[in-house]
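Readers should treat all values here as calculations from the given coordinates under stated rules, not as data from a laboratory. Not measured: the values here are computed from a predicted model. Glycine also receives a Cβ, built like all others from the backbone with ideal geometry; neighbour counts cover every protein chain displayed.
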Amino acid sequence: MKTEAEARQLASIMVEASNSVGVKTAALLTRMDSPVGWAVGNSLEVIEAVQCLHGNGPADLRELVLQLGGHLLLLAEKVSSAKEGADMIACKLHDGSALQTFQQMCIAQGVSEEVAKELCEQNFTKVFRKSQHTTQLISPETGYVHEIDAMLAAEACLVLGAGRNNASDAVNHAVGIVLETTPGERLQAGTAWVTVHHDNEPLDEAVVQLLQRSLLVKHEVLNVTSRVVDVIV
């Protein structure tokens, strides 16, 4: 949804409908105006998710994993509070048991034991096909990152081939972008702020224009807040 009001209305309707038929439900309103984490693109996002299972990955992705999982455990009556649930999940990420469960889930869904094991090793990225080229885009100015427009970033990835305009279109799983900075961070003019993973050479100018338009840098410091705006129950 494009506005908080629209998202709140939809969440309330879905929660009420689910609860009315006996399914305990909650909805988290989350800020999605900038990309979650660092990656946009099929394989790149999977890599980032597995990094999170390894106990690494971007802070905002980890926050959403803990918050969503914590509320799910609360609804399932496995814990007495969402915080207790979030803490439990954090422990599972830290001790490696979440990663081991992921490995077992992969095998159960038909992934070979060899590949599933490789996904749980430190150099797991070798499992994924890489794009033929990478290009870094440079910040034209110095300041604090106030915005990286998620919609423009998604449109750029669509041009790269990471998505579909029509159901019959092929999807290139290797292409996309990886952010080298996120909102709130200080960025120096002349430094790279995003790495584009692409197969076509040279890089499509439309991709460059969309991404450069998505970046907003200001001199004022940005106070970064939680991605979670509210919880609807």
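Separation of region 1-80 and region 128-170 by C-alpha centroid, Å?
Distance between centres, Cα-based: 22 Å.
Could you tell me the relative contact order of region 61-156? Use alpha-carbon pairs under 8 Å, at least six residues apart, and round to a whole percent. Each step should come with its number before you reach the end.
Working: 52 pairs, mean separation 13.1, N = 96.
Relative contact order, region 61-156: 14 percent.
Which Cα, out of Trp193, Ala90, Ala7, lies furthest along the positive dipole direction of the chain (beta carbon charges, K/R +1, D/E -1)?
Ala90
So, counting K/R as plus one and D/E as minus one, what does the shell of residues with Cβ under 14 Å around Tyr144 add up to? Please report the intermediate quantities before stating the final value.
On the way: positive: Arg186, Lys218; negative: Glu141, Glu147, Glu185, Glu220.
Charge balance near Tyr144 sits at -2.
Quick check: from the Cα gyration tensor, does region 55-199 come out rounded (a/c under 1.5), prolate or oblate?
Values: a/c = 1.95, a/b = 1.33, b/c = 1.47.
Oblate, because a/c is 1.5 or more while a/b does not exceed b/c.
State whether region 88-134 is rounded, prolate or oblate according to the following rule on the C-alpha gyration tensor (a ≥ b ≥ c being the square roots of its eigenvalues): a/c under 1.5 gives rounded; otherwise a/b larger than b/c gives prolate, and the remaining case gives oblate. All intermediate terms of the calculation are to be shown ahead of the outcome.
Values: a/c = 2.77, a/b = 1.47, b/c = 1.88.
It is oblate, given that a/c is not under 1.5 and a/b is not larger than b/c.
For the chain: lysine pairs with Cα atoms under 17 Å, gap of 8 or more or different chains, count? Show your work: numbers first, answer last.
On the way: Lys24/Lys78; Lys78/Lys92; Lys83/Lys92; Lys117/Lys126.
Final tally of qualifying lysine pairs is 4.
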